[in-house]
1. If we count other beta carbons within 10 Å of each Cβ, what is the order of Glu31, Glu2, fewest first?
2. Any idea what the dipole of the stretch 84-161 comes to, in debye rounded to 20, about its Cα centre with Lys/Arg Cβ at +1 and Asp/Glu Cβ at -1?
3. Going by how many other Cβ atoms sit within 10 Å of their own, how do Leu116, Leu92 line up, fewest first?
4. Of Ala162, Ile131, Ala108, whose Cα points farthest to the positive end of the dipole of the stretch 92-164 (charges on the beta-carbon: +1 Lys, Arg; -1 Asp, Glu; origin at the Cα centre)?
5. If you take the Cα atoms of the stretch 2-62, find Rg, then find the Kirkwood Rh from the mean of 1/r over all pairs, what is Rg/Rh?
6. Return, ordered by residue number, the residues of the stretch 147-164 whose backbone nitrogen is under 19 Å from a label point located 7 Å along Cα→Cβ of Glu95.
7. Would you order Phe93, Phe22, Phe6 from fewest to most other beta-carbon atoms within 10 Å of each residue's own beta-carbon?
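All of the numbers you see were taken from the coordinates with simple rules; none came from a lab. Everything numeric in this text was worked out from a predicted model, so none of it was measured. Reconstructed Cβ throughout: ideal geometry from the backbone, glycine too, with neighbour counts over all protein chains shown.
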Amino acid sequence: MEIVAFLTLWILIGIGVIFVSFSGGPGRAREAYMTRGGRTFALLIVLVYLGIGIAIPAVVIASRETRLGNSARLAQTKVRDTSPLVQDGRTLFMENCAACHNLDAANARGVTGPDLDKIGTVTPARVLSAIRIGGTGQGRMPAGLLQGPNARAVATYVATVAGK
């Protein structure tokens with residue numbers, strides 16, 4: 001109800017401003033109002049407001065389809081794995097890999113390394129191999145950047161969330 005009162009106030013102010021401007025200024029608007037000379041204008045404003053206030057929302061509602069962003073349901077696209085190995089992998093990824101690689105699940109926006117969301121099928125073995133030999137062998141990623149359980153944690157994390 002508060003919204004209706006708020007909108008009504010602003011609609012009335014808008015009608016007043018339009019009336020004054022179409023009448024030729026405040027003095028002529030007062031004269032037209034006092035002598036009831038603005039009947040045509042008042043009817044025109046009512047018709048315009050009805051047209052805009054009813055027609056536009058009706059068109060929007062009628063053309064409503066399920067589109068990106070207009071769903072009433074909150075969609076969560078990120079994979080949520082709460083296992084300690086995946087959580088440790090995320091932390092290690094953020095500390096060691098996020099500066100170079102793009103990975104949407106980690107909100108990492110690196111530009112030097114490949115976009116891990118777009119490199120195809122990502123398995124833990126593939127990620128471990130890249131960590132061990134230094135990526136694609138082009139010398140941009142140091143070999144053995146992470147080792148042992150840390151490398152396995154990052155590989156599990158990346159394989160769990162990349163491209164999802």
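1. Listed from fewest to most nearby Cβ atoms, that is Glu2, Glu31.
2. Once rounded to the nearest 20, the dipole reads 180 debye.
3. Leu92, Leu116
4. About the Cα centre, the residue reaching furthest to the positive side is Ile131.
5. On the Cα set of the stretch 2-62, Rg over Rh gives 1.07.
6. Of the residues in the stretch 147-164, 147-159 have backbone N under 19 Å from the label point off Glu95.
7. Phe6, Phe22, Phe93
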